[in-house]
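Every number in this text was worked out from the coordinates using simple rules, so none of it is lab data. This structure is a prediction, so every number in the text was calculated from the model and none was measured. No Cβ is skipped: glycine too gets one built from the backbone with ideal geometry, and neighbour counts run over all protein chains shown.
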Amino acid sequence: MGLTRRAFHGALGGAGGTAVLTGFRKVMAGFGAVGTTAPEQVVERLEELGLLDRWSPEARRVLTAGAHLAYGVGTGMALGLLRRERGGTAEEASVGSALGILAWGAGWSSWLPLARVHLPPWKQQTPKVLLPILDHIVFGAVWGLLYRALSPDRV
């Protein structure tokens with residue numbers, strides 16, 4: 001399968017993974033186990049910098065949701081470009097989970113701390129780091145399953 005198709009299928013998997021992740025986070029929030037998401041933290045940082053002073057609360061919520069979806073779709077697209085082989089269902093869920101953790105590590109240890117959204121994971125308390133890892137495992141597993149379902153026999 002060509003790069004364009006892999007990127008497209010990856011983006012669709014990313015959209016689906018983001019939708020499931022959002023539901024998963026709502027369930028976890030119901031138990032009091034989840035704080036703010038990375039997109040929420042980015043919007044909070046923009047507010048701190050005064051870049052959203054004239055934005056209404058509704059516009060900020062839309063921005064947060066759009067940022068979350070864009071990050072998931074973009075990550076899914078990148079993962080689609082990385083994934084060159086196709087395996088069985090369990091393998092794709094496992095590979096997707098590993099790629100989800102890779103995406104978490106790349107963001108949480110590089111651009112998010114550089115943008116002063118939060119501290120790098122090695123400077124945070126364990127629960128604050130473990131929950132986003134779990135989120136990205138769920139995202140990646142769903143991404144892998146959707147990517148497999150969308151892709152023909154050969155990737």
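At-a-glance table
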| quantity | calculated |
| --- | --- |
| Scaled radius of gyration (Cα, divided by 2.2 N^0.38 Å) that segment 1-83 gives | 1.28 |
| Once exposed loop trypsin sites (Lys or Arg not before Pro) are cut out (DSSP; at most 12 other Cβ, 10 Å), longest piece of the chain | 1-53 |
| Segment 66-155, Rg to Rh (Cα coordinates; Rh as Kirkwood inverse mean 1/r) | 1.02 |
| Sparse-neighbourhood loop sites, chymotrypsin sites (Phe, Trp or Tyr not before Pro) in segment 23-55 - DSSP loop, at most 11 other Cβ within 10 angstrom | Phe31 |
| The chain, dipole about Cα centre (Lys/Arg Cβ +1, Asp/Glu Cβ -1), debye to the nearest 20 | 240 debye |
| Mean ellipticity per residue at 222 nm, deg cm²/dmol - from DSSP H runs of n ≥ 4 across the chain, formula -39500 (n - 2.57) | -24000 deg cm²/dmol |
| Arg116-Arg5 pseudo-label distance in nm [points 7 Å out on the Cα-to-Cβ vector] | 4.7 nm |
| Principal axis box of the chain, alpha-carbon based, largest edge first, Å | 50, 33, 30 |
| Net charge contributed by nearby residues that have their C-beta within less than 15 Å of Ala93 (K/R +1, D/E -1) | 0 |
